[in-house]
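Student: First the structure, then my questions, so here it is.
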Amino acid sequence: MRLALPARAAVLSAATLLALLPAGPAGAAPTVAPATDGRFGPLSPANPWAGPPGTATMHGDTGSSDATPLPGPAAGPLSSDRIALQSACPTILVGSDGYPVALCTTIFGLTPTVHLLDPADGGSLAELPLAKGSLLGGVYAYLDNLDRLVAVDGNRDLLRIGHRRDRAGRWELYVDSRLPLAGAVPAGDAVTGISPDWQGRVWFATGGGVVGTADDRTGAVHALALPAGERIANSISTAPAGTAVATTHATYLLTADADGAPAVAWRRPYDRGPGRKPGQLSWGTGSTPTFFGPRTGTEYVTVVDNAAPTVNLLVHRADTGAPVCSVPVLRAGGSGSENSPVAVGNAVFVASTYGYPYPKLPEDAGPSVPSDGAFRGGLSRVDVRADGSGCDLVWDTKVRSAAVPRLSTADGLIHTVLRNPVIPGTDATSVVDPYYYAEVDPATGAVVRTKYTGAGFVFDTLQMVGSIAPGGVVYQGTTTGVLRITGE
């Protein structure tokens, strides 16, 4: 996803809103056993140069599975608390020490800012502003194996940001190392995604279509320009086999030689459609590529194309790029997605963002085709057949996910946030729409538990990712800060 920031006026009075809000939480038990019983298969393998699996990257791990081995809130009543940071917070990561680190962008000034959060209540213990860059500033980053946040700032410097207590016992954030990438990233371009490989190098990709590696142990930086006209609007993913990158035209797997110079292992074009769809931020796939598989957790790589009128889930073999399947998805709701697929074992889940009312678009987004569309929601499950001969659509629903879902293999549930219409039964969106933390049964697509979190702009989760921390705590970014959802 790409960060977009807000503002429209309310159209209904508070009294009208309260009268129209759905009644309190739902409560049926899920019909699927926890994924630890083998129904889903292994998670993406732990990268030795990244933080804990499930909380090290925006998408959980360097394979971007959007799955976690940690359970969400325990059964029973739920509590939702808002941490106001006057910032949109799309990235909330948790290190091995249990301290959440949030990378946010301030509402006023659009300054990328790192926050160290208190694991006890989510409050900000320390903050560190970074140099401003593109609109993507304050989105993609990861935690390394020393719990340092790795990010690229607006000066095109690769930073490792640690946290510690000062002499007075106060927490502070500090830049532990800095490596300039300006020689590889052209002026006017900006890094959109980073991820470590299994050799400890940091792979990076830019909006202008440059892919490279940086080794801050040696200072070596190498870069490769992909074909002219191909832009990179989402993050990248790494696995032992290589680095997956989705441009606005094709999906790639790249590898590096012993010195770190990148090369294309394979390239597979996809149907990018006639233009950017409503609810997407660029013309092309909205996916960060996802590695997954039933044996090693990385046999396959998947993205969603931008075909019209119906998008397709595309699955390729990670080693060769050979196509496994192309399956139409999101037919019950809006068929378009800006979100990375959730995938583990043989199962892939795709959430629709078609028509999502982003309050601001990137300057280079261009017009949408069609020019407007309602946010109708949509969530699909596709399974790769056990013999790898193809894929099957398991279910297709109208779940109105307003966040990138997260699958827990510990509790066997999909965790997300719903944006429901203020007038039930319609597709009309409003600045006072209500939001609900929600758990979805991956066996059926049914919503099995919800918790009302709030209504309106302040609580808009803007298709950002939630992170499940140890102790069953969910941290969910919003346009103005962070929601902290726990069992009571």
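The values are calculated or read from the model by the stated rules, or taken from the named source; none is laboratory data. It should be emphasised that the depicted structure is a prediction, and the values quoted were computed from it without experimental measurement. Cβ placement follows ideal geometry from the backbone for every residue including glycine, while neighbour counts extend to all protein chains displayed. Protein only, heavy atoms only, side chains kept; ligands, DNA and RNA dropped before computing areas. Shrake-Rupley method; radii C 1.70, N 1.55, O 1.52, S 1.80 Å.
Student: Over 21 Å between Cα atoms, which of K132/K360; K132/K277; K360/K451 qualify?
Tutor: Too far apart for the 21 Å limit: K132/K277; K360/K451.
Student: Rounded, prolate or oblate: which one fits the range 137-234, using the alpha carbon gyration tensor with axes a ≥ b ≥ c (rounded when a/c is under 1.5, else prolate when a/b beats b/c, else oblate)?
Tutor: Prolate is the answer for the range 137-234, as a/c is 1.5 or above and a/b outweighs b/c.
Student: Could you check the simple spin-label distance between A322 and A443, using points 7 Å along Cα→Cβ, in nm with one decimal?
Tutor: In this crude spin-label approximation the distance works out to 3.4 nm.
Student: Rounded, prolate or oblate, given the Cα gyration tensor of the chain, with a/c below 1.5 counting as rounded? The partial results should precede the final answer.
Tutor: Values: a/c = 1.33, a/b = 1.13, b/c = 1.18.
In terms of gyration-tensor shape, rounded.
Student: How big is the gap, in Å, between the Cα center of the range 102-131 and the Cα center of the range 375-417?
Tutor: What the calculation gives is 31 Å, centre to centre.
Student: So, taking all protein chains as they sit and a 1.4 Å probe, how much accessible area belongs to L70, in Å² rounded to tens?
Tutor: 40
Student: Next question, about the same structure. Just to be sure I understand the model, the point goes 7 Å from the Cα along the line to the Cβ. What's the resulting Q86 to A386 distance in nm?
Tutor: So the label points at Q86 and A386 sit 5.8 nm apart.
Student: Taking 0.36 nm per residue of separation and subtracting the Cα-Cα distance, what length does fully extending A220 through A74 add?
Tutor: So the chain would gain 47.9 nm between A220 and A74.
Student: Okay, next question. Please compute the length gained on full extension between W198 and K398, using 0.36 nm multiplied by the number of residues separating them and subtracting their Cα-Cα distance.
Tutor: Full extension of this stretch gives 68.1 nm more.
Student: Rounded to the nearest 0.05, what FRET efficiency is calculated for E363 and A182 with R0 set to 30 Å and r the Cβ-Cβ distance?
Tutor: So the FRET efficiency works out to roughly 0.85.
Student: On to the next question. Name the residue from L418, I83, T218 whose Cα lies farthest towards the positive end of the charge dipole of the chain, charges +1 on Cβ of Lys and Arg and -1 on Cβ of Asp and Glu.
Tutor: Positive-end residue among those listed: L418.
Student: Next question. May I ask you to rank K277, K398 by accessible area, largest first, using a 1.4 Å probe over the protein chains only?
Tutor: K398, K277
Student: Write out the trypsin sites (Lys or Arg not before Pro) in the range 230-301 meeting two conditions: DSSP loop, and at most 16 other Cβ atoms within 10 Å of their Cβ.
Tutor: Of the trypsin sites (Lys or Arg not before Pro), the ones in loops of the range 230-301 whose Cβ has at most 16 other Cβ atoms within 10 Å are R295.
Student: Which residues in the range 200-237 have a backbone N closer than 20 Å to a point placed 7 Å from the Cα of A258 along the Cα-to-Cβ line?
Tutor: Of the residues in the range 200-237, 200-202, 213-223 have backbone N under 20 Å from the label point off A258.
Student: So how strong a dipole does the range 276-388 carry about its Cα centre when Lys and Arg Cβ are +1 and Asp and Glu Cβ are -1, to the nearest 20 debye?
Tutor: With only Lys, Arg, Asp and Glu charged at Cβ, the dipole is about 240 debye.
Student: Run the helix sum for the chain: -39,500 (n - 2.57) per DSSP H stretch of 4+ residues, divided by residue count, reported at 222 nm to the nearest 500 deg cm²/dmol.
Tutor: Rounded to the nearest 500, it is -500 deg cm²/dmol.
Student: Still on this structure: Might you tell me the accessible area per residue for the chain, computed with a 1.4 Å probe and given in Å²?
Tutor: 34
Student: On to the next question. Treating the beta-carbon of each Lys and Arg as +1 and of each Asp and Glu as -1, no other charges, what is the dipole magnitude of the range 87-190 about its Cα centre, to the nearest 20 debye?
Tutor: Charge dipole, the range 87-190, about its Cα centre: 200 debye, nearest 20.
Student: If you don't mind, there's one more thing I want to ask. Could you tell me whether the range 403-488 comes out rounded, prolate or oblate from its Cα gyration tensor? Rule is a ≥ b ≥ c as square roots of the eigenvalues, rounded for a/c under 1.5, then prolate if a/b exceeds b/c, otherwise oblate. Intermediate values should be presented prior to the final figure.
Tutor: Numbers: a/c = 2.13, a/b = 1.32, b/c = 1.61.
Because a/c hits 1.5 or more and a/b fails to exceed b/c, the range 403-488 counts as oblate.
Student: To continue, here is another question. Can you pull out the trypsin sites (Lys or Arg not before Pro) in the range 156-196 whose DSSP state is coil and whose Cβ has at most 15 other Cβ atoms within 10 Å?
Tutor: Numbers: sites: R156, R160, R164, R165, R167, R170, R178; in loops: R156, R167, R170.
Filter output for the range 156-196: R167, R170.
Student: In whole percent, and with a 1.4 Å probe on the protein chains, what portion of the accessible area of the chain is carbon and sulfur?
Tutor: Accessible surface attributable to carbon and sulfur in the chain totals 55 percent.
Student: Might you report the magnitude of the Cβ-based charge dipole of the chain about its Cα centre, with Lys and Arg at +1 and Asp and Glu at -1, to the nearest 20 debye?
Tutor: 600
Student: Once label points are set 7 Å from the Cα along Cα→Cβ at both Y174 and N155, what is their separation, rounded to one decimal in nm?
Tutor: Between Y174 and N155, the label points sit 1.7 nm apart.
Student: What order do H222, H316 take when sorted by accessible area (1.4 Å probe), most exposed first?
Tutor: Of H222, H316, the descending order of accessible area is H222, H316.
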